[in-house]
Structure formats: C-alpha cells, structure tokens
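Here is the structure we will look at.
Derivation of every value follows stated rules applied to the coordinates shown; laboratory data play no part. Bear in mind that the values here come from a model prediction, so they are computed numbers and not experimental data. All Cβ positions, even for glycine, are placed from backbone atoms using ideal geometry, and neighbour counts span all protein chains on display.
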Amino acid sequence: MDALKKRNIDRGDQSCVFCGDSDESVEHLFSSCNFSSTVWSIVSSWCKIPCIWGFSVKDLLEYHDLSGLKGKKKDIVQGITRIGCWIIWKARNERRFNNKPVKLEEIISEIKSYALFWCNARSKDNDIMRKDWCSFVNM
Ligand SMILES: [Zn+2]
C-alpha cells in the first residue's frame, strides 16, 4: 500500500491489515508489525532457535546466515523463513482483497505444512514424518 501511495495510486485504507496501527509498508508487514513478530516468535520457538527478527525483509531473508546455524538445520530455517514470508503475504492478500479474517493459528499451521511439503520434496530421503516435523525433532 505504501508503494502504491508513492505512485499516486489510491487504493483506500493504507493501514496494515494485521494490526491497523501503521501504514502498510514492506518493512512493517514482514518485520515490525506486532502480528508478524508474533508469527516469527512462534516459528522460532518451534524451530528451537533464537527469535527470527530483522529491521527489514532483507534481514529476515538473511537470518539463516547470521543465526550461527549450520548444515541441514540452516538450510531448513532458510526455507522456513521464505515460506513464512510467503504465507504472511498470502494472508495479507486474503484479508485485503477477500476480507478473510486473519487467524494466527492458521498461519502457523500453513507455514509448518508448506515447509514440510517443501522439505520432503527437496530431500533425497523424503522421510521427515509429520509428528517429528511438528515438534521439530532431529533437524
Ligand atoms: Zn501491522
């Protein structure tokens, strides 16, 4: 919405669809919004890693490099961060264009489901079980 406003395209309400406390910018939507911060906090707890955060989307997308993680877990966290951004964007669009209520539990569930699908599709073994994935065991 912020980018459209800068191009003099009026799309109505400029406020964030998640919190309504700030104009919607890329930085706000993905990193500084309280709702998105809560998503990242829950995802971080699930992954058993320090809280994913950043001042910008670039920081979020580079989190895996700065986190001290190594090997397979680093790759998985990189994928989960990207999937998290995509799911937040999807939820934003559903709210903005279809007036669908935003539910934190659904967003977390979608991140876990899409990330499992992605991880198994990329894995040679294709052996990550959903129950292990949901508790992030053996990653
Ligand atoms: Zn917000």
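Points to keep in mind about this one:
- Build a GNM of the chain with springs between Cα atoms under 10 Å apart, and of V39, V26, V77 the one that fluctuates most is V26.
- Value of Rg/Rh across the range 69-139 [Cα atoms, Kirkwood radius]: 1.04
- Shape call, the range 1-50: gyration tensor on alpha carbons, a/c limit 1.5: prolate
- Sparse packing (at most 15 other Cβ atoms within 10 Å of the Cβ) combined with a DSSP loop state is found for the following trypsin sites (Lys or Arg not before Pro) in the range 1-108: R7, R11, K48, K70, K103.
- Compared with the direct C-alpha span, the chain from D23 to K74 gains 15.1 nm at full extension, assuming 0.36 nm per residue.
- Rg followed by Dmax, in Å, when the chain is reduced to its Cα trace: 15.9, 51
- Cβ-defined net charge surrounding L60, 12 Å radius [Lys, Arg +1; Asp, Glu -1]: -2
- Applying 0.36 nm per residue to the separation of I9 and V102 and subtracting their alpha-carbon distance, the gain on full extension is 30.9 nm.
- Candidates S44, S15, S31: whichever shows maximal mean-square fluctuation once the chain is modelled as a Gaussian network with Cα springs under 10 Å: S15
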